[in-house]
1. Using R₀ = 56 Å, calculate the FRET efficiency as 1/(1 + (r/R₀)^6) where r is the Cβ-Cβ separation of residue A:17 and residue A:78; round to 0.05.
2. Using a 7 Å offset from the Cα along the Cα-to-Cβ direction at both residue A:118 and residue B:165, what is the distance between the two label points in nm, to one decimal?
3. Give the shape of region A:81-156 as rounded, prolate or oblate, defined through the alpha-carbon gyration tensor: a ≥ b ≥ c are the square roots of its eigenvalues, a/c under 1.5 means rounded, and otherwise the shape is prolate if a/b is larger than b/c and oblate if not.
4. Which order do B:113, B:50 fall in if you start with the one that has the fewest other Cβ atoms within 10 Å?
5. Using a Gaussian network model on chain A with a 10 Å cutoff between Cα atoms, which of A:134, A:71, A:62 fluctuates the most?
6. Take the Cβ-Cβ distance between residue B:141 and residue A:26 as r, set R0 to 22 Å, and report the resulting FRET efficiency rounded to the nearest 0.05.
7. Extending each Cα 7 Å along its Cβ direction at residue A:147 and residue B:95, get the distance between those two points in nm, one decimal.
8. What average count of beta carbons from other chains do you get within 10 Å of the Cβ of residues in B:147-153?
C-alpha cells in the first residue's frame, strides 16, 4: 500500500518530495490512528491544510465505509441464517490468525533487544493476566519506556 | 437506554479511545471488546467476532470495525439510528488522532534532534508489541469456539509469516471452510 502510493504521489504526480513522503510515513506510523488514514491526513494537509486533509480522508474511507455499513445492516437483518453465521465464523478465524501474525512480524525487529522484550512482556501480562485497561497501561508504560530509551551520552 | 443516550455513549467511548490507537489500529480491539460487550452489552460475544471477521475481510482502512460496532449499538433503535450511530462512531474514533497527526506532521522535522522525539520513536515500539500480542490472545478467544477454528487461525498466522501468498487467499479459504460447516 505505501509502496504503491509512493509511486503515484512522488514519482508520477510529483506532489511532494520523497523525503517529505517518508517523514509522513514515520509520523503516520508512530502517532495514534490507523496508518492509512494518518497518511492521507498528512498528504492532504501538504496541499490545502485542514480542508485538504478532510477531503483526503473522506476520499479514502467514505466509499468502503458506506459499503461496509450496508453489509453490516444486512448482517443484523439476516444473521439468523445459518450460512451467514458459518461464513463469518470462518472469516473471524482467518482474521484472528492475521492479527497474531502482526505481533510476530514486529517481534522480529526486537529479537535481540532484551529491554524491549521485557517491556512488551510486562505490557502483555498487565493487559492479559491482570486485565488492566488499555488506557492506564499506555499512560504508565509509555512514559516509562520513553525514559528507558531516553538518548544518553554525547554520541546518542 | 434511549437512542440518543446510546448515541452519546458510543461517541464518548470512541472519542476517549482514539488517542490510544498506537501502532496502527488493531491495538484497540481488546478495549473495544471490553466497552462494547462487557461494559455496555451492545453486542454479544458472538456478534463482536462476526463483525470483526466482516471488517477484516472487507477492503479499506482497519478502523472501520468501529463503524460496525456503532451500527450494532444503534440497531435496536432501528436502521436509521444504527447508521447515524455508525457514522458518528467512525468520526469519533478518527477525529482526535487526526488532529494530533496534523500537528505532529507540521512540527516533526523541527524536532529532529529533540530527545523527546528520539525517546518517543524508540520507546513506543515495545509497548505496541506487548499490546498487539495481548490483542491477539483476546481475538483468538473471541473468534474461535472450537479446536478446528484455533488450528485454522494458527495455520493462517504461519502461512502469512512464512509465505508471500496474499492474505485474501486465506480469507477465502477460511470463509469457504466456514460455509461448509467445518469451523464450528
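1. E(calc), rounded to 0.05, equals 0.65.
2. 4.0
3. Prolate.
4. Ascending Cβ contact count within 10 Å gives the list B:113, B:50.
5. Comparing A:134, A:71, A:62 in the GNM, the peak value goes to A:134.
6. On the way: r = 34 Å, r/R0 = 1.53.
So, using R0 = 22 Å, E works out to roughly 0.05.
7. Taking the simple label geometry, residue A:147 and residue B:95 are separated by 3.4 nm.
8. Counting other chains' Cβ atoms within 10 Å and averaging over B:147-153 gives 4.
Where a number appears in this text, it was derived from the coordinates with a stated rule and is not lab data. All values derive from a computational prediction rather than experimental measurement. Quick reminder, even Gly has a Cβ in these numbers, built from the backbone with ideal geometry, and neighbours come from all protein chains shown.
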